[in-house]
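Q: My structure is below; once you've seen it, I'll send some questions.
The values are calculated or read from the model by the stated rules, or taken from the named source; none is laboratory data. Just so it is clear, the structure is predicted and the values come from calculations on it, not from any experiment. Cβ placement follows ideal geometry from the backbone for every residue including glycine, while neighbour counts extend to all protein chains displayed. Side chains included, ligands, DNA and RNA excluded: accessible areas come from the protein's heavy atoms. Shrake-Rupley method; radii C 1.70, N 1.55, O 1.52, S 1.80 Å.
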Amino acid sequence: MPLTSILTPTLYERASEAVKFLQSRTKHTPLIGLVLGSGLGGFASAIQDAVVVPYNEIPHFPQSTVQGHSGKLVVGLLGETPIAVMQGRVHGYEGYSAGESTFPVRVLGLLGIKALTLTNAAGGIRHNYAQGDLVLLSDHINLTGVSPLTGPNDERLGQRFFDMTEAYSRRLRQLAHTAANENGVALQEGVYIGVPGPSFETPAEIRAFRTLGADLVGMSTVLETIAARHMGMEVLGISCVTNMAAGIQAEPLNHEEVMETGKRVEGQLAAILKTVLPEIAKLVLAGGGKA
Ligand code: HPA
């Protein structure tokens, strides 16, 4: 065995170290996880009895460099539900490898989280979407060109080959639709295509993505979903259409617009999350979980 592989801790060991650290900071054992995307970080204030841990204090955790991603892990209670909320995430375009950018998901999985809700800002490709719409992910297309699972597989994290037929859990989607109805918030469904960024797309790329079957485009989420499914977590994905994709809207795209729209619909997203997350917790606690 080469010396480097003796001295360099494995992903499992690094993630376990982060878990130990977090367990030393909170008495809660979170059952469900939530990642808040661009402009959507405000929901974290709904967590009670919260321990707020900046990412830079957590061993091996990647640091967010994007404006609008505050970089804090909040562990506490949503009502009676123990939850871990990531306020901000890191992306491949910041220079992180697929393995590094999904490290937080590995930590959440080893902390014991059974269901992970991923939110993001996305460009709307489907013509009948509008800026500010909330869309539940029915599926995704990974066009980033990378996978967090490249390299030797660690069986302690998951199997080498695993099914992605229901990347986004059908039963969690059903709960989300019910929660949206109860709150009078419209929630559509669509296929998300994940791209490397950071440039927004060209109109020709958007036309190509539509032909491929994509309804939404964004620079996150797909790798996190792959890592979470590898570990057997159920995943729910919700996009906020912060802008219509390139070539559909008249004006050029910019990050400020993404942030502003995120802020505008944050309340609606929070209403859905407050209703659906305790229901998800009940479901996964009841067992009969689907890996
Ligand atoms: N393209 C890619 N990512 C995005 C967009 C977009 O139009 N809007 C928000 N995130």
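Q: Could you check the spin-label model distance between His177 and Lys20? Points 7 Å from the Cα along Cα→Cβ, value in nm.
A: About 4.6 nm, to one decimal.
Q: Based on DSSP H assignment, which helices of the chain show an axial Cα extent of at least 24 Å together with a mean Kyte-Doolittle hydropathy greater than or equal to -0.5? Can you show the working numbers first?
A: Working: long enough: 255-285 (40 Å, 0.25).
Helices passing the filter in the chain: 255-285.
Q: Here's a follow-up. If N is the number of residues in region 100-196, what value comes out of its Cα radius of gyration divided by 2.2 N^0.38 Å?
A: Values: Rg = 15.6 Å, N = 97, 2.2 N^0.38 = 12.5 Å.
The value comes to 1.25.
Q: Now for a separate question. What nm value, rounded to one decimal, do you get for the distance between Leu212 and Asp163 when each label is placed 7 Å out toward the C-beta?
A: The modelled label-to-label distance comes out at 2.6 nm.
Q: Compare the Cα positions of Ala228, Gly262, Gly287 along the charge dipole of region 196-288 (+1 at Cβ of Lys, Arg; -1 at Cβ of Asp, Glu; about the Cα centre) and return the one farthest towards the positive end.
A: It is Gly287, whose Cα lies furthest towards the positive end.
Q: As a test of the formula, what do you get for the chain when each DSSP H run with n ≥ 4 contributes -39,500 (n - 2.57) and the sum is divided by the residue count, at 222 nm and rounded to the nearest 500 deg cm²/dmol? List each step's numbers first, then the result.
A: On the way: 8 runs with 96 residues, N = 291.
My calculation for the chain gives -10000 deg cm²/dmol from helical runs alone.
Q: Oh, and also: If exposed means no more than 10 neighbouring beta carbons inside 10 Å and the site is in a DSSP loop, what's the longest run of the chain without any exposed GluC sites (Glu not before Pro)? Show your work: numbers first, answer last.
A: Details: sites that count: Glu80, Glu155.
With GluC sites (Glu not before Pro) excluded where exposed in loops, the chain gives 156-291 as its longest stretch.
Q: If you roll a 1.4 Å probe over the heavy atoms of the protein chains, what accessible area per residue do you get for the chain, in Å²?
A: Working: 12440 Å² over 291 residues.
For the chain, the solvent-accessible area averages 43 Å² per residue.
Q: Once a ≥ b ≥ c are taken as the square roots of the eigenvalues of the Cα gyration tensor of region 113-254, is the result rounded (a/c under 1.5), prolate (a/b larger than b/c) or oblate (a/b not larger than b/c)?
A: Since a/c reaches 1.5 but b/c is at least a/b, the shape of region 113-254 is classed as oblate.
Q: For region 42-185, what does the alpha-carbon gyration tensor say about shape, rounded, prolate or oblate, given a ≥ b ≥ c as the root eigenvalues, a/c under 1.5 as rounded, and a/b over b/c as prolate? Please list the in-between numbers first.
A: On the way: a/c = 1.35, a/b = 1.10, b/c = 1.23.
Note, shape of region 42-185 comes out rounded.
Q: Separate question: Give the residues of region 222-236 whose amide nitrogen is closer than 20 Å to a point set 7 Å from the Cα of Arg156 in the direction of its Cβ.
A: Those under the cut-off are 227-233.
Q: How far is it, in nm, from the label point at Lys27 to the one at Ala271 when both lie 7 Å from their Cα along the line to the Cβ?
A: About 3.5 nm separates the two model spin labels.
Q: For an R0 of 25 angstrom, estimate the FRET efficiency from the Cβ-Cβ distance between Leu285 and Ser97 and round to the nearest 0.05. Walk me through the numbers before you get to the answer.
A: Values: r = 34 Å, r/R0 = 1.37.
For R0 = 25 Å, the calculated efficiency reads 0.15.
Q: Answer with one residue from Leu111, Ile272, Cys240: the one whose Cα lies farthest towards the positive end of the charge dipole of region 3-285, charges on Cβ with Lys, Arg +1 and Asp, Glu -1.
A: So the residue furthest toward the plus end is Leu111.
Q: Just to confirm a number: summing +1 for Lys and Arg and -1 for Asp and Glu over residues other than Pro30 whose beta-carbon lies under 14 angstrom from that of Pro30, what do you get? Don't skip to the answer; put the middle values down first.
A: Details: positive: Arg25, Lys27, Lys114; negative: Asp49, Glu80.
Residues close to Pro30 contribute a combined charge of +1.
Q: Tell me, which longest segment in the chain has none of the chymotrypsin sites (Phe, Trp or Tyr not before Pro) that fall in DSSP loops with at most 15 further Cβ atoms within 10 Å? Don't skip to the end; give the middle numbers.
A: Details: sites that count: Phe161, Phe162.
It runs 1-160.
Q: Could you tell me what percent of the accessible area of the chain is made up of carbon and sulfur, with a 1.4 Å probe and every protein chain present?
A: On the way: 6800 of 12440 Å².
Here it works out to 55 percent.
Q: Something else: Can you give the charge dipole size of the chain about its Cα centre, rounded to the nearest 20 debye, using +1 on the beta carbon of Lys and Arg and -1 on the beta carbon of Asp and Glu? Kindly include the intermediate steps, with their values, before the conclusion.
A: Working: 22 positive and 26 negative charges, 124 e Å.
Using only the charged Cβ atoms, the result is roughly 600 debye.
Q: Determine the order of His140, His127, His255 by accessible area, beginning with the largest, at a probe radius of 1.4 Å. Could you put the intermediate results ahead of the total?
A: On the way: His140 25, His127 130, His255 55 Å².
Largest to smallest exposure gives the sequence His127, His255, His140.
Q: Let me know the whole percent of all Cα-Cα pairs from the chain that are separated by more than 33 Å. Walk me through the numbers on the way to the answer.
A: Details: 7114 of 42195 pairs.
When all Cα pairs of the chain are counted, 17 percent exceed 33 Å.
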